[in-house]
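This report refers to the structure that appears directly beneath it.
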């Protein structure tokens, strides 16, 4: 067994110590948490339903404290179930536990639904008076933000029905999609058995073009058998969202996401247009990369190809130390937090056949700690992914003190720490690169990371825009129609710099964000440009900025994105903000192009 194989998380931290164990004992511990949450929810409803408008400041503070306690109990149970399922999506017991928790948590949520509905109906002047009460700081911003949903809420009976049906609606369809994609296996040449999709996709970094082409064809082949089923899931959820948007009077398909992100429709559109106006940066890099690889034009499967031969594997132990040393050199506190993830088993790293693809950091609840999931395959990119997710973990850990209502941040701010962490580790890797080819490889990876996070995410936002619009005007969309919209929006980004193969038309069908969190993807670009601006300030100011940066992270979601930005000197209301961030991306591109030209000239 390798060192990587032993890096599995200990989820018992989420359960009561006296209940936690394994197998059936875990189910009993989850049930105990839910029983306690349900009992307290019943008592809460009995005490407060129909009386929220009568609460004084002390009463509101007490009520919010009890809601936080209930949320903690249910949250621990839900996170345990979902994380166990993510580590092994094929075990029927794991899926059954997710469903059980979902059903019981929904029943608890339904019992408490009255509070939100009654709170938003409180007179504005009275609400502001209550929000100024002593001791309510732990929930004030949350309560203020909830009132923004007043125009979009249904009646109490309608909200109850909607919440009850969510278990068999979006939640069930999303779980099905996750199970379908996790079960995809790719037949790769030279492998004794089919490989998980994430492992196969990592092969697109291979310097051998024939190998990349065969991998892409194998991935397309593996996506084909369940494609129509996944398209049906997508169609169903597209229509589900259209119905809810109509009933809740949202003006467009993205408006509800913007509201949850605390971002105006206008500011998001400004971001989209600013990024689209710089699509030429991505095209310029791909044209340069084609010359590096000796090709007339890249194909879609060439975009992530290694441009130098030094892309050696980085073993888990080496990757871990690189990240920990980078975190520690930036801030002793950041290094200590990151080390706990390894020492206290908060990470699950090895890729396994039944594991969910990708990587994430699960915030869980303030009384516990985050958990990080990876599929570490030893690529240099995986080291940066480790840094990225530990950046999230650092953010989430520092924000725990804010409590359950304010620990989480809007998606538009959520990528700040993760991208910042990547930049720190990237700087370390670049400093260690001692020859032109190695530097080129790193700079190429950095530029391609920017393209993937800024430009590609906006292109995917445009795909979502097209597909939601088409579903509402055309009815159920054929697989071919969805593939056509995917092709069109990818071509808008890539132009003639990349050949989009016919097989690539189905590659939308494994992206989970389209299914579970529609509208999510633009937040990556938002967060990336924000984080790059913060990192630029750090390179200019050095250690003097570290305290304010850690203050930003520790603030969690207790303030608006604009207020959070001000902590570190960033003005998100400045119309030129997006262009400023994109200028940083262009600077990095220029470095990579210069390094590429030097290598080409030396041949």
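Each reported figure results from applying straightforward, stated rules to the coordinates on display, with no laboratory input. The structure presented is a predicted model; accordingly, all values stated were derived computationally and were not measured. All Cβ positions, even for glycine, are placed from backbone atoms using ideal geometry, and neighbour counts span all protein chains on display.
Just a few scattered comments:
- Counting neighbouring Cβ atoms within 10 Å and putting the fewest first, the residues 307, 454 line up as 307, 454.
- Acute angle (nearest 10 degrees) that the helix 522-541 long axis makes with the longest principal axis of the chain, alpha-carbon atoms: 80
- Take every Cα pair under 8 Å whose residues are at least 6 apart in sequence, average their separation, divide by the length of the range 505-572, and the relative contact order is 21 percent.
- The chain - Rg over Rh from alpha carbon coordinates, Kirkwood radius: 0.95
- Using alpha-carbon coordinates, inclination of helix 156-165 to the longest axis of the chain, degrees: 50
- FRET efficiency for residue 100 and residue 208, using Cβ-Cβ distance with R0 set to 41 Å, rounded to 0.05: 0.30
- Between residue 217 and residue 88, the FRET efficiency from the beta-carbon distance, with R0 = 41 Å, is close to 0.90.
- What separates the Cα centres of the range 223-244 and the range 29-84 is a distance of 34 Å.
- The angle separating the long axis of helix 227-247 from the principal Cα axis of greatest extent in the chain is about 40 degrees.
- For the chain, share of DSSP beta bridges that run antiparallel, in % to the nearest 5: 55
- Peptide ranges 194-204, 409-419 listed from the most packed, as the mean C-beta count within 10 angstrom indicates: 409-419, 194-204
- Whether the range 177-312 is rounded, prolate or oblate, judged on the alpha carbon gyration tensor where a/c under 1.5 counts as rounded: oblate
- CD proxy at 222 nm, helix term only [per DSSP H run n ≥ 4: -39500 (n - 2.57); per residue of the chain; nearest 500]: -20500 deg cm²/dmol
- Spin-label model distance (nm) - residue 318 vs residue 584, 7 Å beyond Cα toward Cβ: 2.9
- Oblate is the label for the range 233-385, because the ratio a/c of its alpha-carbon gyration tensor axes (a ≥ b ≥ c) is 1.5 or higher and a/b is not greater than b/c.
- Cα centroid of the range 349-369 to Cα centroid of the range 443-466, whole Å: 23
- Ordered by the count of other Cβ atoms within 10 Å of each Cβ, fewest first, 88, 432, 35 give 432, 35, 88.
- The label point for residue 134 and the one for residue 476, both projected 7 Å from the Cα toward the Cβ, are 6.2 nm apart.
- Arranged from fewest to most other beta-carbon atoms within 10 Å of their beta carbon, 383, 593 become 593, 383.
- Grouping the Cα pair distances of the range 331-385 into 10 Å bins from zero gives a pair-distance distribution of 21, 51, 26, 3 percent in increasing distance order.
- Distance between the range 137-214 and the range 249-276 - C-alpha centres, whole angstrom: 21
- As computed over the range 4-168, the Cα convex hull volume per residue (Å³): 146
- Cα gyration tensor shape for the range 494-537, rounded if a/c is under 1.5, else prolate or oblate: oblate
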